[in-house]
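The structure under discussion appears below in the form of structure tokens.
What follows draws every value from the coordinates through simple rules; no lab data is involved. Remember, predicted model here, so these are calculated numbers, not experimental data. Note that each Cβ is placed from the backbone with ideal geometry, even for glycine, and that neighbours are counted across all protein chains shown.
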Amino acid sequence: MFIDSVKVFLKAGKGGNGCIAFRREKYVPRGGPSGGNGGDGGSIYFVSDLNVDHLIHLRYKPIIKAKNGAHGEGSNKHGKRGEDTIIKVPVGTVVKDPETGEILFDFSEPGMKYLAAKGGKGGRGNAAFKTPTRRAPRISEEGKPGEEKELLLELKTIADVGLVGFPNAGKSTFISKVSRAKPEIAEYPFTTLTPHPGVVELDGYRTFIIADIPGIIEGAAEGAGLGLRFLKHIERTRILLFMIDGNPYSGRKPLEQLIVLLNEVKKYSEILFQKPKVIVLNKIDLIHEEKDDIKKFVEYCNKENLQLFKISALKSEGIKPLLEYLYSKMKELKDSVENGES
């Protein structure tokens, strides 16, 4: 199961109460106040971790609490601070206000830490209130309650390459051939119901991440089909790979598929539409001769300066040159970001 959004309720720890106490030792007359302070309550933190790839653990435990601080004691003993609660989340998680939709924090890299709910301050004991004119204070403070809040966590798949295509275009077969990801593969539409990120390994220890996004259909930008729920998963990809079904019996011509997909992405986000695009005509093993439909498709790609590859994912034909190109393009984009060019 893939959970891409979950609402959680957070309750940080309460601060411990301060103590009222006085020294009672032999040979120490008027020992004075000795009440210690209460410990601060534990806080709740979210930390991004590459070893976590879903939010399922939060779906089944939506109420998250941190430990309370211990109360102060006599002999100036301060209460122990409440233990913090650390929750690991996947890279790509966005923390939002569930009421306003405001983004509070964006886990774009591993190892990022966000203070989601702060623990309450521990109360002061009576020793803290001693002054030259108030030698025996009989007052102390109660610990402050920790923060309580509701947050929405939303996961957007981060990948170097995002696959976009109609149902049955062959995306699942392709990703199963180029990585160790094992998406469901079948002859009926919408077999992929969750994004499937996979690591592509090339010679020389070169790797990049590719994500199989559930099938997009016409009207997806308005919520049709799987709609907006999964279009958001390609927002963070560096390259968009449009997988086109070359099967002459698919019921939709290659050029028609490409134009619909481009329009849906553009309607959803102009910024997303401006990302580098690679067009892949799949199932060339079923194309016995280059008919007019294929020629028009190729001409359109050339006219629009769209990089085109022809492959058969099922038979692993034409895949290696495609992967090499994707890696070189992805590295070029990463280098430009590191050099401050974009």
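When region 22-77 is examined, which residues are found to be part of a strand (DSSP E or B), in contact with a Phe, Trp or Tyr (Cβ under 9 Å, 6 or more places away or on another chain) and more than 28 Å from residue 5 (Cβ to Cβ)? Matches in region 22-77: 33 only.
Taking the condition under 30 Å from residue 92 (Cα atoms), loosely packed, with under 13 Cβ neighbours inside 10 Å and touching a residue at least 40 places away in the same chain (Cβ under 8 Å), does residue 56 pass? No: the conditions fail for residue 56. Total residues in region 113-149 satisfying the condition of being closer than 21 Å to residue 80 by Cα and not acidic (Asp, Glu): the figure is 20. The residue of region 277-302 that is nearest to the chain's Cα centre (by Cα), among those that are under 24 Å from residue 162 (Cβ atoms) and assigned to a helix (DSSP H, G or I), is 301.
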